[in-house]
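Every number here is computed from the coordinates shown, using simple stated rules; none is lab data. Everything quoted here is computed from the prediction, not taken from an experiment. Every residue, glycine as well, gets a Cβ built from its backbone with ideal geometry; the counts of neighbours run over all protein chains shown.
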Amino acid sequence: MVAKINADACTSCGSCIGECPACAISLNDNDVSFVVEDKCNDCGVCLYVCVHGAITIV
Ligand code: SF4
Ligand code: SF4
């Protein structure tokens, strides 16, 4: 299981990027966050950080 970010819901606030302990979240060329799946350890921190509900773990 890894974190997935819904690009339509992401506001590019950047909060999740700084909070991910695995440094697994980055911004793409459109300034929308995405998860580097090889780095994600399924910890779930980003789920609570994103107040926009853009992140799920699937
Ligand atoms: S915290 Fe949520 S809205 Fe903000 S950049 Fe991350 S996924 Fe996007
Ligand atoms: S689940 Fe944890 S490791 Fe994976 S992207 Fe979210 S904060 Fe980072």
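Structure above, values below:
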item: Amide H contacts of Ile57 (H built 1.01 Å from N, under 5 Å, at least 5 apart or other chain); result: Lys4
item: Spin-label pair Lys39/Lys4, simplified geometry with 7 Å Cα→Cβ offset, distance in nm; result: 2.1 nm
item: Computed Kirkwood radius, in angstrom, where 1/r is averaged over Cα pairs of segment 3-57; result: 10.7 Å
item: Simple label model, 7 Å out from Cα along Cβ direction - Tyr48 to Ser15, nm; result: 1.3 nm
